[in-house]
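The values are calculated or read from the model by the stated rules, or taken from the named source; none is laboratory data. Keep in mind it's a predicted model, so treat the numbers as computed, not measured. With ideal geometry, Cβ positions are generated from the backbone for all residues, glycine too; neighbour counts draw on all protein chains shown. We work out accessible area using only protein heavy atoms, side chains counted, and drop any ligands, DNA or RNA first. Shrake-Rupley method; radii C 1.70, N 1.55, O 1.52, S 1.80 Å.
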Amino acid sequence: MTTGAMTSARPRYSLRVRGEARRLGDRTWLMGILNVTPDSFSDGGRYADPGPAVEHGLALFALGADIVDVGGESTRPGSTRVAAAEEIRRVVPALRGLRDQGAGLLSIDTTRSEVARAALDAGADIINDVSGFRFDPELPRVVAAARAPAVLMHLRGSFATMHEAPRYADVMGEIAAELRETLGLAREAGIEPSQLILDPGIGFAKNAAHSLEVLRRLNELHALGRPLLVGPSRKSFIGKAPEGPASERQFGTAAAVAACVLAGAHVVRVHDVREMAQVVRVCDAILGSAA
């Protein structure tokens with residue numbers, strides 16, 4: 001008896017990175033996380049100095065990362081914002097060191113225009129803005145001038161307030177509507193829509209039930225016509241089913257990453273690149289994606 005086969009419904013897109021076309025959708029890309037902060041929720045302090053940061057970034061590429069995402073400001077609940085100058089001091093040496101060592105694609109995880117400028121000058125290729133251009137009105141203009149790709153995430157409120165009883169009548173419907181508004185902000189700034197990637201913001205202004213519903217309904221975001229990046233790695237919703245600290249969420253992360261890939265995510269943002277590379281390869285094989 002013939003049964004229905006699971007096939008990938010993931011659309012294909014092309015980004016231009018420093019003038020070179022990069023195709024998204026043939027397989028799932030891995031974005032490895034490199035936090036150069038003293039207070040990140042999962043690995044804060046381990047890579048705060050440039051030497052260990054560069055070493056770890058190169059290791060992430062060797063383990064299978066397509067992009068390494070460098071962040072100099074923690075977004076964990078209760079974190080205190082740092083000055084832009086401090087954020088620049090943290091990220092620029094890591095980015096320069098990685099670029100000097102011939103690293104692959106580098107993204108800068110920032111919500112600030114001045115940090116983005118410094119990061120692009122230091123070798124970053126992509127801007128990853130968790131505020132979706134809502135914290136700094138100058139940031140879209142920086143992205144437009146650089147013609148750089150940008151990841152725009154869904155977020156409500158500030159880092160300080162985003163976890164204060166988030167409410168949705170229709171979580172995915174509202175995320176889609178607000179991301180559509182974000183795309184409008186980008187177009188108004190002169191950014192080519194083809195340079196944008198969207199992120200539903202797992203764990204940002206969303207409780208565990210919201211985050212799980214986002215994963216269940218992720219394929220609905222394909223209607224926005226842009227590649228999808230999802231970052232479920234070690235998030236607290238995994239720790240609540242069952243309970244566990246961030247360092248013990250690897251298997252839960254693997255399940256969430258598999259759900260993302262099977263729903264058509266183009267990029268998954270993860271801490272444990274070696275392990276998640278295996279998850280992604282198997283899911284892509286199930287879907288019949290290119291190796």
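Here each label is just a point 7 Å from Cα along the line to Cβ, and for ARG141 and GLU248 those points are 5.0 nm apart. Within the accessible surface of the stretch 140-288, defined with a 1.4 Å probe on protein heavy atoms only, the carbon and sulfur portion equals 53 percent. Highest mobility in the GNM of the chain, judged by mean-square fluctuation with C-alpha springs under 10 Å and restricted to PRO50, PRO140, PRO227, is found for PRO50. Sorting the segments 112-124, 10-22 by their mean number of nearby beta carbons within 10 angstrom, highest to lowest, gives 112-124, 10-22. Per residue, the chain exposes 43 Å² of accessible surface when a 1.4 Å probe is rolled over the protein heavy atoms with every protein chain present.
What FRET efficiency would be calculated for the residue pair ARG81, GLU174, taking the C-beta separation as r and a Förster radius of 25 Å, to the nearest 0.05? Between ARG81 and GLU174 the formula returns 0.45. With the simple spin-label model, which puts each label point 7 Å out from Cα in the Cβ direction, the GLU220 to GLN101 separation comes to 4.2 nm. Within the chain, DSSP assigns beta bridges of which about 20% are antiparallel (rounded to the nearest 5).
Evaluate E = 1/(1 + (r/R0)^6) for ASP121 and GLU181, where r is the Cβ-Cβ distance and R0 equals 30 Å; express this FRET efficiency to the nearest 0.05. Result of the calculation: an efficiency of 0.50.
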